[in-house]
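The values are calculated or read from the model by the stated rules, or taken from the named source; none is laboratory data. Keep in mind that what you see is a predicted model, and the values were worked out from it rather than measured. Here the Cβ positions follow ideal geometry from the backbone for every residue, glycine too, while neighbour counts run over all protein chains shown.
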């Protein structure tokens, strides 16, 4: 229940009517490259050049993976609800599996060619998790801050 000012009477938290899942996904999608650049720059300044490059490679793969996953889930939802253009289910499965092949291929190349960069690559794979955490903190702060 809301008191008309956007504050939920049961929890006392400020509700944010304009922030929903699509906006959160867009924020996360913008946060991933920014966080990847910040962390890899910090790694580079600390003298870990190969690890920083591996981190960037892992973050790039994670970003592509995030976008493909978002598009695959949307296509699958459209297929189930029949609201979007018709797509074959084998193409959805192929796109889903291609993500794992890409990650495995890049990981193999980095692991065999640049073993020090592999640790950074593994860290870069988790940049979307960091972006989701940052977005969760932002939404929580936005919901809890007092409004006049």
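For residue 44, the conditions (1) within 18 Å of residue 118 (Cβ to Cβ); (2) modelled with pLDDT under 90 all hold with the exception of (2).
Is it the case, given these coordinates, that residue 129 is surrounded by fewer than 17 Cβ atoms within 10 Å (Cβ to Cβ) and over 18 Å from the mean Cα position of the chain (by Cα)? No, not satisfied. A residue that is crowded, with 16+ Cβ neighbours inside 10 Å, touching a helix residue (DSSP H, G or I) at 6+ places or on another chain (Cβ under 7 Å), on the phi < 0 side of the Ramachandran plot and at pLDDT 90 or above occurs nowhere in the stretch 73-81. Within the stretch 108-126, the set of residues being under 23 Å from the mean Cα position of the chain (by Cα) and touching a residue at least 40 places away in the same chain (Cβ under 8 Å) comprises 110, 117, 118, 119, 120, 121, 122, 123, 124, 125, 126. Of all residues in the stretch 26-48, those that are exposed (fewer than 15 other Cβ atoms within 10 Å of the Cβ) and more than 19 Å from the chain's Cα centre (by Cα) total 5. Checking each residue in the stretch 19-34 for being over 19 Å from residue 55 (Cβ atoms) and part of a helix (DSSP H, G or I) picks out 21, 22, 23, 24, 25, 26, 27. The number of residues in the stretch 122-146 that are in a helix (DSSP H, G or I) and over 15 Å from residue 32 (Cβ atoms) comes to 8.
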